Amino acid sequence: MPTKPGVYRLWLRAIDEAGNRGPRTRAFTVQVRYIELGRQVIRARAGGKIAVRVSTDARFYYWRIGPRGGRVRNRRLSIAAGAAGRYELVVSERGHKARALVVVSP
C-alpha cells in the first residue's frame, strides 16, 4: 500500500494457512521515497548546464523549471541553464514532487 515518504522500522513474520505464526525477524529500517533530488540548491552559470541526480524507481519522470519542462528516463537530469536568475526546479512522478532552488549566475 502506498505510504508517506520517510524512514520506517519493520519486522516480518510468516503466518501459514492454518493461522500459525512463525518467529519474527529482527527489526530493520527501510526508507520510502518516490522521487528525490540530489541537492536542494543547484548553482549554474548562464548559458551553462544544470545537472542534478534524480532518485526514483519510476520508469520516467517529468521536470519543470519556469516555462520549460519535459519527460525523461535518465537518473541524471541535465538541462540548459538559460538566463541569470533564481528558479524553482520541480521533478514529479505520479503526483509525488521534489523541488530545488536553481541559482543561475551571469
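Can you work out which of the residues in region 1-38 that are closer than 16 Å to Lys97 by Cβ and either without any contact (Cβ under 8 Å) to a residue 24 or more places away in the chain or basic (Lys, Arg) (or both) is most open to solvent (accessible area, probe 1.4 Å)? Step through it out loud before you land on a result.
Here is the first cut: in region 1-38, the residues closer than 16 Å to Lys97 by Cβ are 2, 4-6, 32-38.
Now narrow it down to the ones that are either without any contact (Cβ under 8 Å) to a residue 24 or more places away in the chain or basic (Lys, Arg) (or both): 2, 4, 33, 38.
On the way: Pro2: 123, Lys4: 153, Arg33: 64, Gly38: 37 Å².
Per the stated criteria, the residue is Lys4.
For region 53-65, the criterion of being open to solvent by 80 Å² or more (accessible area, probe 1.4 Å), within 19 Å of Gly95 (Cα to Cα), out of contact with any Pro (no Cβ under 7 Å at 6 or more places or on another chain) and part of a loop (DSSP other than H, G, I, E, B) is satisfied by at least one residue.
When you go through Arg73, Arg94 one by one, which is the residue that is out of contact with any helix residue (DSSP H, G or I) (no Cβ under 8 Å at 6 or more places or on another chain), loosely packed, with under 13 Cβ neighbours inside 10 Å, touching a residue at least 12 places away in the same chain (Cβ under 8 Å) and farther than 16 Å from Glu36 by Cβ? Even if it seems obvious, please write down each step before you answer.
On the way: Arg94 fails: farther than 16 Å from Glu36 by Cβ.
Going through Arg73, Arg94 in turn, just one is out of contact with any helix residue (DSSP H, G or I) (no Cβ under 8 Å at 6 or more places or on another chain), loosely packed, with under 13 Cβ neighbours inside 10 Å, touching a residue at least 12 places away in the same chain (Cβ under 8 Å) and farther than 16 Å from Glu36 by Cβ: Arg73.
Please go through region 1-43 and give me each residue that is within 30 Å of Leu89 (Cα to Cα) and hydrophobic (A, V, I, L, M, F, W, C), ordered by number. Within region 1-43, Met1, Val7, Val30, Val32, Ile35, Leu37, Val41, Ile42 meet the criteria.
Residue-by-condition table, conditions (1) within 19 Å of the chain's Cα centre (by Cα); (2) at pLDDT 95 or above:
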| residue | (1), (2) |
| --- | --- |
| Met1 | yes, no |
| Lys4 | yes, no |
| Val7 | yes, no |
| Arg21 | no, yes |
| Arg39 | yes, yes |
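The values are calculated or read from the model by the stated rules, or taken from the named source; none is laboratory data. This structure is a prediction, so every number in the text was calculated from the model and none was measured. When we count neighbours, we look across all protein chains shown, and the Cβ atoms used for this are built from the backbone with ideal geometry, even at glycine. Note: accessible area is taken over every heavy atom of the protein model, side chains too, but ligands, DNA and RNA are not part of it. Shrake-Rupley method; radii C 1.70, N 1.55, O 1.52, S 1.80 Å.
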